Amino acid sequence: MQRFMISKARNLLESSRQNYHFQRSQLFSPQSAHRFLSSTPAANFDSSSFSSTMAPPVSINTINPKVLECEYAVRGEIVTLAQKLQQEIQTKPEAHPFEEILYCNIGNPQSLGQQPITFFREVLALCDHPSILDKSETQGLFSADSIERAWQILDQIPGRATGAYSHSQGIKGLRDTIAAGIEDRDGFPADPNDIFLTDGASPAVHMMMRLLIRSEKDGILCPIPLYPLYSASIALHGGTLVPCYLDEATGWGLEVSELKKQLETARSKGITVRALVVINPGNPTGQVLAEENQKAIVEFCKQEGLVLLADEVYQENVYVPEKKFHSFKKVSRSMGYDEKDISLVSFQSVSKGYYGECGKRGGYMEVTGFSADVREQIYKVSSVNLCSNISGQILASLVMSPPKVGDESYKSHNAERDGILSSLASRAKTLEDAFNELEGVTCNKAEGAMYLFPRICLTEKAIKAAEATKTAPDAFYCRRLLTATGIVFVPGSGFGQVPGTWHFRCTILPQEEKIPAIITRLTDFHKSFLNEFCD
Amino acid sequence: MGIKALDYETLNENVKKVQYAVRGELYLRASELQKEGKKIIFTNVGNPHALGQKPLTFPRQVVALCQAPFLLDDPIVGLIFPADAIARAKHYLSMTSGGLGAYSDSRGLPGIRKEVAEFIKRRDGYPSDPELIFLTDGASKGVMQILNCIIRGQGDGVLVPVPQYPLYSATISLFGGSLVPYYLEETANWGLDVNNLRQSVAEARFKGITVRAMVIINPGNPTGQCLSEANLREILNFCYQENLVLLGDEVYQQNIYQDERPFISARKVMMDMGPPISKEVQLVSFHTVSKGYWGECGQRGGYFEMTNIPPQTVDEIYKIASISLSPNVPAQIFMGLMVNPLKPGDISYEQYVRESKGILESLRRRARIMTDGFNSCKNVVCNFTEGAMYSFPQIRLPPKAIEAAEKAEKVPDVFYCLKLLEATGISTVPGSGFGQKEGVFHLRTTILPAEEDMPEIMSSFKKFNDQFMEQYEDNWSHSRM
C-alpha cells in the first residue's frame, strides 16, 4: 500500500513513466544483455548455447513492467493475510483470538448474507433452462410475471439461444429495454446503439482507458481518494494519473477550482489531460454530489474538452433524504447540452444497488458525444472479445426495468428492495457513529455507496513503528486490527489521500447481527492500540 | 465547444491498428442484408447454438437451480428437475460463499479449479495444481491477460501460426507488440515445419525483435489440423532452445473428426519428455466451455493453466486478475460440469451421453460433407477438417477476378466473399482475415449449420462458385499456390 502513495506522489506528474523504456536503463541485467544479443544478425546468433543463461520469458524481470506497477488494494496484502488466518482458524480454532474473519474490505453484499432479488433470479433461471417453460409444474414454482418476462426476453434472442454469442454490444432487445429504463430514470431519451454491455463495469472502464491513453503524456484527472480500479487501469495502460483531492472537511466535495488548478499544473508539465473520472455516489468516500456541483463539473469538462467518465454503479445506493442521484447524462441534457457539446461515458453495473449481483458480471457503458469513427473503434475493440456473458446482459436489463405497478411481483420486489436499502442505510449510520466515537477518528457520513472512509490520527510513535516494518501507517493499523480481531479493512493508502493523513475503508455490508460485535472488538482494539502507541 | 478530447486522430494508435475480421466487413454487410429481409446463414463465427445446436440438458438444469436456490426448498422441484441435477446444484452452491451473486476468488472458485485440475490429471496422467489454474470470462480474456504480461513493447514478438484465429493478431496490435508469423503448409495438411519456425525467428531477430512466445492452436483455427505427438515434441524442443513461452490454445480439444491423430495436450507431451523440458519450458494452456460439444459461447467460461511460471510472476498475474474482481460465477459452474461430467449410473448419464454423442458424430459427418462439397467445386481445394469447427477452402481466383476486385478496391477474397454473400446469403470470413501466403486466397466457414441444411448450402455454394469461375475464367492461367 505504501508503494501506491509514495511512488504515485513522486511519479504522478512525471513524464518518465515506467514502461518499455524502463528496461533500456537496466543495461547490465542478464535479460537486457539477451536483448542486445538477440538484435545481432542471425548468422552470429547461436541459440543453443544461449538458452541456459537467459531469464525465462515469463518472469519478474521480463514481464511487462506496467503489470508490476499497478496495485489493487481491495484484494491486496491485508486480504491475503486474512485468507491465511481464516485457513488457520479452520484447522486450529484456538490459533487466534477470534473465531471468524469479518470481511469489510470489498463491496460483495451476497457473500455476507444479502439475499438476491427473487424476481430477477426467477427470470434468469427460466432463461438458463427455457425448456421448463413448457411444463405445467413451472407455473407452480415461478411467479407469472417472471414467466412472462422470460418469454419476452427469449423472444428477443435469435433462436432463443442463450448459449450463443450475441451482438458485440449486447442483445438488441435488451439494449432497447435498458435505453427505455435510462429514459424513465432521467426524462431524456437514450439510444440503444449508445449502449455497450460488458462483463461488469470494470472491463468497460479498461476499454475507455485503452482508447484514451496513447502514452505517459496522456493524463486522466481523478478525484482522490479513488477506487483503485482507476489508478490500476491507468498504470496498466501506461498513462498518468492527475490527482485532484476531494475536500474531507466539506463532506468530500469536488471543487471545480481545484480541478482547474490540477489541470493547469498537469498541462504545464506537458501532460495532455484527456478525461475526468467522477464516481457518484463516491467510492470510497460515499458522498452524493449536489446537482449544482454536477453542473459545474459538466461545464468544466465541456470547456476543457475532457471526456467525462461517470462511474454511477452506486446510483441506487442513496441513504439520505436530502440528496438524490442525478445521472450526469440527465444533468448535461438539462443544461441544454447534447452530443455535440459533451463527450460522456456513463457506467452502470448489476453488482451494487439493492441487487448486489457481483458474481454475475453484468454492466454497461452508455457512450454519448463521440464521432461515428470513434464509435466504430469502440465497437471493433468490443468485437475482439465477441460479447459479454448473456446471463449478465439479461440481468442488466432487469435491473433497469424492474417490476412495475400491477405486475404480480411488484409488491414483493419492492419489499425486498426497500428492506435491503433501509438496512444498508441503518448500518451505514450505526458504523459511522461508532467510528466517530473512537478517539482520534473522524468519519464523514456515508450518503451513498457501500463504504465508510474514516480518518484516523496516528501518533509519531505509531508512525515510526510502521516505518520500521516498512508498512504504510494505515496499513500497519489495519494489519494489527486484523490479527487482533479478525476484522478486514482496506488501508486508505490503497485509495490515495492527502499526504500525512491516514484513513481506512470499511464496508457497510456485514450482517446487522454481526455489527455490534464488530464495533465492540474494534473499540477494544483501538483503545489498546492507542495505549501501546501513545507518545 | 472547442476541442474534443477524443476524436479519431487522438485515439490510441494501437486501437486503430486492430483488425478482427470475424466480426468485420463481411459480418457487418451480412447484418445489413439481414435487416433488409434477406435470409442469412451466419457461418462467420464458431457459435453452435446460433445455428440450432441445442444446449446439453443437464448443465442447464444445474445452473438454473443455482440461479434460483429457493427452488431447492420447494417440494415439487423433483417433478421438474432430476435428482442428480439437484444434488449437483447443491454441490456447486456449497463451493460458493453466497451463491452465484458473490464475487468469487479472483482466480475462480477453489472447488472448481480443483475439478479442473482433476480433469487435467485424468486426461494427461500427470497431476495439475489448482493454484496454477485461473478461470476467466472466456478463454479470450485469458489469452489477453497473458499476452499483456508478455508484451512490453514493439520490440517483443509473438510467434503466431498463419493462418491464425485473429484474436492473436488483434491482441498483439492492441498491446503494441510484433506479430512474428510462421506459415503452416497447406499442401501438407496445414502441417507445421520446424524449419519454417526457425526461419521466422531468425528473420524477426534480424529486425531487432525479441521473440518471447509461441502460439499454437491445436486443433487449429481456421485450419482444423490436429498436431501429432512428434510435432508437439519438435515444438517443445524449439521453445526450449529459443527460450519461448508456449501458449497452447486447446479450446477445440473435444472436436476431433479423425482417428489417426487424437488430441494430445502440449502439457502431456512436455511431461512425457521429462527434464529439462518438463521443468524449464514455460507453458500456458487455454480451454473453454464455448466449443467442444458444449458450445456454450454465451456463458463466457474459460481457464488457463500455467506450468513452470515462477511464483512471483503467478502472483502478478493474480494481481491483474483481481482488478476485475472475479470471473462470472455461472460460467465457472459450467466449467466444473464440463470437466467433471456425469458418470455411468447417474440418472441423467444416458441422456447426457446421447446428447453429446449426437452432436459430436454429427459434427464429424458435417466436416466430411463440407470438405467433399468444397472439393467438388471448380477451382476450390479443401483440406479435410481434422478438428475444430471450420472449413478453410482455398479459392483459386482467376486473374480477371483479381482485377475486378482491385477495381472495386477490395481484397480479392473479400470481393469473392461479398459476392457469395449477396448471391446466397452465406456469410463467411475471407481468408485475409486469418493470414495466408501472398497470392493465395481462402475463406473460412463453420461446419455448424444443421446437418439437414448442409446439402442445400453446399449446392448453393457450388452453383455460385462455378458461375463465378466461369464468369472470370481465363483458359490459360489461374491463380495458384
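Annotations for the structure displayed:
- Packing-based exposure ordering (other Cβ within 10 Å, fewest first) of B:CYS226, B:CYS239, A:CYS534: A:CYS534, B:CYS226, B:CYS239
- Applying Stokes-Einstein at 4 °C and 1.567 mPa s to the Kirkwood radius of the range A:254-346, computed over alpha-carbon pairs, gives a translational diffusion coefficient of 94 µm² s⁻¹.
- For A:67-78, mean number of other protein chain Cβ atoms within 10 Å: 4
- Of A:ALA201, A:LEU226, A:ILE182, farthest towards positive along the dipole that unit charges on Lys, Arg, Asp, Glu beta carbons give chain A: A:LEU226
- Over the range A:386-535: Rg over Rh, Cα atoms, Kirkwood Rh: 1.11
- Per the Debye calculation on chain B with a single equal scatterer at every Cα and no solvent contribution, log₁₀ I(q)/I(0) for q = 0.06, 0.09, 0.10 Å⁻¹ amounts to -0.29, -0.65, -0.81.
- Judged by the ratio a/c of the largest to the smallest principal axis of the C-alpha gyration tensor, the range B:208-363 counts as oblate, that ratio being 1.5 or greater while a/b is no larger than b/c.
- Karplus (6.51, -1.76, 1.60) ³J(HN,Hα), θ = phi - 60°, over the range A:334-345, in Hz, Gly and Pro reported as x: 5, 7, x, 8, 10, 3, 6, 9, 9, 8, 9, 10
- Computed from backbone phi with θ = phi - 60° and the Karplus coefficients 6.51, -1.76 and 1.60, the 3J(HN,Hα) list for the range A:174-187 is 6, 5, 4, 4, 5, 4, 5, x, 5, 5, 4, 5, 9, x Hz; x is used for glycine and proline.
- Cα gyration tensor shape for the range B:99-339, rounded if a/c is under 1.5, else prolate or oblate: prolate
- Between B:LEU33 and A:LYS470, the modelled label-to-label distance comes to 6.4 nm, taking each label 7 Å out from Cα in the direction of the beta carbon.
- Per residue, the protein assembly as shown reaches -13500 deg cm²/dmol at 222 nm when only DSSP H runs of four or more residues are counted, each adding -39500 (n - 2.57).
- Counting all C-alpha pairs of the range A:45-170, share separated by more than 20 Å (%): 72 percent
- Ranked packing of A:126-132, B:451-457, A:507-513, most packed first, by mean Cβ within 10 Å: A:126-132, A:507-513, B:451-457
- Note on the protein assembly as shown: antiparallel DSSP beta bridges, both residues inside, total approximately 50 percent of the bridges counted.
- Nearest-ten-degree value, helix B:110-124 long axis tilted from longest Cα axis of chain B: 60 degrees
- Burial ordering of B:SER94, A:SER401, B:SER290, fewest other beta-carbon atoms within 10 Å first: B:SER94, A:SER401, B:SER290
- Listed values for the range B:291-307 are Karplus-derived 3J(HN,Hα) couplings in whole Hz (6.51 cos²θ - 1.76 cosθ + 1.60, θ = phi - 60°), namely 10, x, 10, 7, x, 8, 4, x, 7, 6, x, x, 8, 10, 10, 9, 10, and x replaces Gly and Pro.
- Computed FRET value (nearest 0.05) for A:ASP373 with A:THR520, which takes r as the C-beta separation and R₀ as 41 Å: 0.10
- For the range B:99-339, a crude dipole built from +1 on the beta carbon of Lys and Arg and -1 on the beta carbon of Asp and Glu, taken about the Cα centre, is about 380 debye to the nearest 20.
- Leading residue at positive end of dipole, chain A (Cβ point charges), from A:SER59, A:THR162, A:ILE271: A:SER59
- Nearest 10 degrees, 0 to 90: helix B:412-424 Cα axis against chain B principal axis: 80 degrees
- Fraction of beta bridges assigned by DSSP in the range B:128-260 that are antiparallel (%, nearest 5): 5 percent
- Selection from B:GLY425, B:PRO222, A:GLY107, by position along the positive dipole direction of the protein assembly as shown (Cβ): B:PRO222
- DSSP beta bridge pairing in chain B, given as percent antiparallel to the nearest 5: 50 percent
- Mean projected area in nm² (Cα convex hull; one quarter of hull surface) for the range A:358-439: 10.0 nm²
- Protection proxy ranking of B:251-262, A:305-316, by the mean of other Cβ atoms within 10 Å over each peptide's residues and highest first, is A:305-316, B:251-262.
- Lys, Arg +1 and Asp, Glu -1 on Cβ, resulting dipole of the protein assembly as shown about Cα centre, debye, nearest 20: 1460 debye
- Counting only Cα atoms, the protein assembly as shown measures 94, 75, 64 Å along its principal axes, largest extent leading.
- Estimated translational D of the range A:169-399 in µm²/s (Stokes, Kirkwood radius over Cα pairs; 10 °C; 1.306 mPa s): 90 µm²/s
- Residue-averaged beta-carbon neighbours from other chains (10 angstrom radius) around B:225-231: 0
- Within 10 Å of each Cβ in B:61-67, the average number of Cβ atoms from other chains: 6
- Here the dipole of chain B is about 220 debye; that uses its Cα centre as origin and unit charges on the Cβ of Lys and Arg (positive) and Asp and Glu (negative).
- Equivalent-ellipsoid semi-axes for chain A (Cα gyration tensor, √(5λ), whole Å, largest first): 37, 32, 26.
- Of B:LYS39/B:LYS463; B:LYS141/B:LYS343; A:LYS295/A:LYS330; B:LYS410/B:LYS437; B:LYS114/B:LYS343, those spanning more than 22 Å from alpha-carbon to alpha-carbon: B:LYS141/B:LYS343
- C-alpha long axis of helix B:311-323 to longest principal axis of chain B, angle in °: 90 degrees
- Cα extents of the range B:117-210 along the three principal axes, largest first (Å): 42, 34, 20
Computed from the coordinates by the stated procedures, all read-outs in this text should not be read as laboratory data. Worth saying up front: this structure is predicted, and the values here are computed from it rather than measured. In this analysis, Cβ positions are derived from the backbone assuming ideal geometry, glycine residues included, and neighbour counts consider all displayed protein chains.
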